[in-house]
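Trainee: This is the structure I have questions about; it appears just below.
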Amino acid sequence: MADAAQVAFPDRMLHVYAVPTLALLAVAGIVIAALGAFLPARSAARLTIADALHTE
């Protein structure tokens with residue numbers, strides 16, 4: 001797309017992160033998202049129906 005606009009970017013602007021670093025960031029993001037969903041769900045699953053409805 002940059003070629004169509006006749007714009008050239010230096011390599012140092014395009015190659016910011018190495019592939020292993022990007023993979024590590026992706027895995028870390030998935031782990032953080034899974035824990036962020038699992039921990040509240042686990043505590044909500046331990047509540048009785050009456051307690052859950054009472055908090056709403």
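Trainee: Where the second residue is among the small types (Gly, Ala, Ser) and exposed (fewer than 10 other Cβ atoms within 10 Å of the Cβ) and the first is without any contact (Cβ under 8 Å) to a residue 40 or more places away in the chain and lies in segment 27-48, which pairs have Cβ atoms under 7 Å and are six or more apart or on separate chains?
Mentor: none
Trainee: Follow-up question, since we're still on this one. Tally up the residues in segment 10-29 that are at pLDDT 95 or above and surrounded by fewer than 10 Cβ atoms within 10 Å (Cβ to Cβ), please.
Mentor: Of the residues in segment 10-29, 0 are at pLDDT 95 or above and surrounded by fewer than 10 Cβ atoms within 10 Å (Cβ to Cβ).
The values are calculated or read from the model by the stated rules, or taken from the named source; none is laboratory data. On a predicted model such as this, the values are computed, not experimentally measured, just so you know. With ideal geometry, Cβ positions are generated from the backbone for all residues, glycine too; neighbour counts draw on all protein chains shown.
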